[in-house]
Amino acid sequence: MRALVETDAEDVPIRVKGLRTAFGDKVIHEDLGLEVKRGEILGVVGGSGSGKSVLLNTILGLKQPDGGSVEIFGQDIRDPQAHSEVERRIGVMFQQGALFSFLTVQENVEAPLLEHTKLTREYVHDLARLKIKLAGLPEDAGCLKPAELSGGMRKRAGVARAIALDPDILFLDEPTAGLDPIAAAEFDDLIRTLRDALGFTVFIITHDLDTLYAICDRVAVVADKKIAAVATIKELERSDHPWIRSYLLGPRGRAAKKEKES
Ligand SMILES: Nc1ncnc2c1ncn2[C@@H]1O[C@H](COP(=O)(O)OP(=O)(O)OP(=O)(O)O)[C@@H](O)[C@H]1O
């Protein structure tokens, strides 16, 4: 029985049930449910202010739910011990990469390894170099500070740090925002390549329709305080939900679809 429960928790690494979140009287989510499958790239979309970032923060345990539950690998994130175990298994890239500006890229990537492992200094150094390479940065980028990087390189440095501890889940908050379309497409490729090679689950908040078409296995739509739909992008194109229709069938949605089909 125990084995069955554990398998289920690994196959559904993120499970949100009946979630309610609020700031004072302002309710952001009400009875929200979501299951993320192991190894998938899940895109999370929704209008501005619909509650995507609040959902991410709640899943990460940075905001306490006002009702319902969030389980990561079957563990309730409100349990402090579970929280620290879970923290070790996830990588997060917030908007702008959220790197320490006073550290080099190499030092930024070393930071989680030094905090969460007992590896030797030399090993940490080598591992960080490997992650920088995996994120598609040139070797000499390691000695640069974030301010000395282009926007695209900064995002890659953010990814290198997020994958430092070999996470089972990678969370990305609007990773392609601010990138030109070519850099954004290269970034999407990087995420898919890393997922295919390393096998982690990806939870990606995005406004970028190209990302949805290019790499997402399923897309969850945050609307009406809930997950209004979760399906493949092809299935969502047939939705009659008003926000989904105007999002996917508007000019930008049609362009992204055409690009994918060409
Ligand atoms: N700390 C806070 N205090 C009060 N209200 C907040 C707080 N953080 C977020 N909110 C509110 O919660 C709602 C959802 O915000 P959230 O940032 O999750 O939206 P979002 O879907 O990520 O939007 P965007 O796509 O514009 O980034 C908004 O109305 C926002 O004003």
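Evaluated against (1) under 19 Å from ARG195 (Cβ atoms); (2) within 13 Å of the ligand (Cβ to nearest atom), VAL12 falls short on exactly one condition, (2). The number of residues in segment 16-53 that are closer than 19 Å to PHE73 by Cα, aliphatic (A, V, I, L, M) and within 12 Å of the chain's Cα centre (by Cα) comes to 3.
The set of residues from segment 168-184 being more than 11 Å from the chain's Cα centre (by Cα) and at pLDDT below 95 comprises THR176, ALA177, GLY178, LEU179, ASP180, PRO181, ILE182, ALA183, ALA184. Being more than 15 Å from the chain's Cα centre (by Cα) and surrounded by fewer than 22 Cβ atoms within 10 Å (Cβ to Cβ): is that true of GLY136 here? Against the criterion (more than 15 Å from the chain's Cα centre (by Cα) and surrounded by fewer than 22 Cβ atoms within 10 Å (Cβ to Cβ)), GLY136 qualifies. Selection of segment 144-173 for residues being among the acidic types (Asp, Glu) and crowded, with 23+ Cβ neighbours inside 10 Å yields an empty set. For segment 123-164, a residue qualifies if it is in contact (Cβ under 8 Å) with a residue 60 or more places away in the chain and among the small types (Gly, Ala, Ser), and the qualifying residues are ALA157, GLY158, ALA162, ALA164.
Test ARG156 against the criterion of being among the basic types (Lys, Arg) and in the same structural domain as SER50 (by TED's automatic domain parsing), and give yes or no. Spelling it out, it is not the case that ARG156 is among the basic types (Lys, Arg) and in the same structural domain as SER50 (by TED's automatic domain parsing). So for segment 183-200 (the condition being touching a residue at least 24 places away in the same chain (Cβ under 8 Å), farther than 13 Å from LEU42 by Cα and within 16 Å of the ligand (Cβ to nearest atom)), does at least one residue qualify? Within segment 183-200, not a single residue is touching a residue at least 24 places away in the same chain (Cβ under 8 Å), farther than 13 Å from LEU42 by Cα and within 16 Å of the ligand (Cβ to nearest atom).
Which count do you get for residues in segment 1-26 that are at pLDDT 95 or above and among the polar types (S, T, N, Q)? Looking only at that region, the number is 1. If the condition is being closer than 21 Å to VAL202 by Cα and surrounded by fewer than 18 Cβ atoms within 10 Å (Cβ to Cβ), then segment 108-133 contributes LEU130, LYS133. Restricting attention to segment 174-203, the residues being closer than 23 Å to PHE100 by Cβ and either assigned by TED's automatic domain parsing to the domain that holds GLY136 or crowded, with 21+ Cβ neighbours inside 10 Å (or both) number 4. Selection of first residues in segment 37-49 that are in the same structural domain as LYS225 (by TED's automatic domain parsing) and farther than 21 Å from PHE23 by Cα and of second residues that are part of a loop (DSSP other than H, G, I, E, B) and of a type in the set (Gly, Ala, Ser), restricted to Cβ pairs under 7 Å at least 6 apart or on distinct chains, gives the following pairs, ordered by first then second residue: GLY39/GLY199. Summed over segment 131-182, the residues that are part of a helix (DSSP H, G or I) and either within 16 Å of the ligand (Cβ to nearest atom) or more than 22 Å from LYS37 (Cα to Cα) (or both) give a count of 24. Look at segment 84-107: where a residue is crowded, with 16+ Cβ neighbours inside 10 Å and a partner is of a type in the set (Phe, Trp, Tyr), sitting 6+ places away or on another chain with Cβ atoms under 8 Å, you get VAL86/PHE73; ARG89/PHE73; ILE90/PHE171; GLY91/PHE171; GLY91/PHE200; VAL92/PHE171; MET93/PHE171; GLU107/PHE100.
Of the helices (runs of 4 or more DSSP H) lying entirely inside segment 17-128, those carrying at least 2 residues that are out of contact with any Phe, Trp or Tyr (no Cβ under 7 Å at 6 or more places or on another chain) and within 16 Å of the ligand (Cβ to nearest atom) are 52-59.
The values are calculated or read from the model by the stated rules, or taken from the named source; none is laboratory data. In this text, all values refer to a predicted model and were calculated from it rather than measured experimentally. Please note: Cβ atoms are built from the backbone with ideal geometry, for glycine as well, and neighbour counts cover all protein chains shown.
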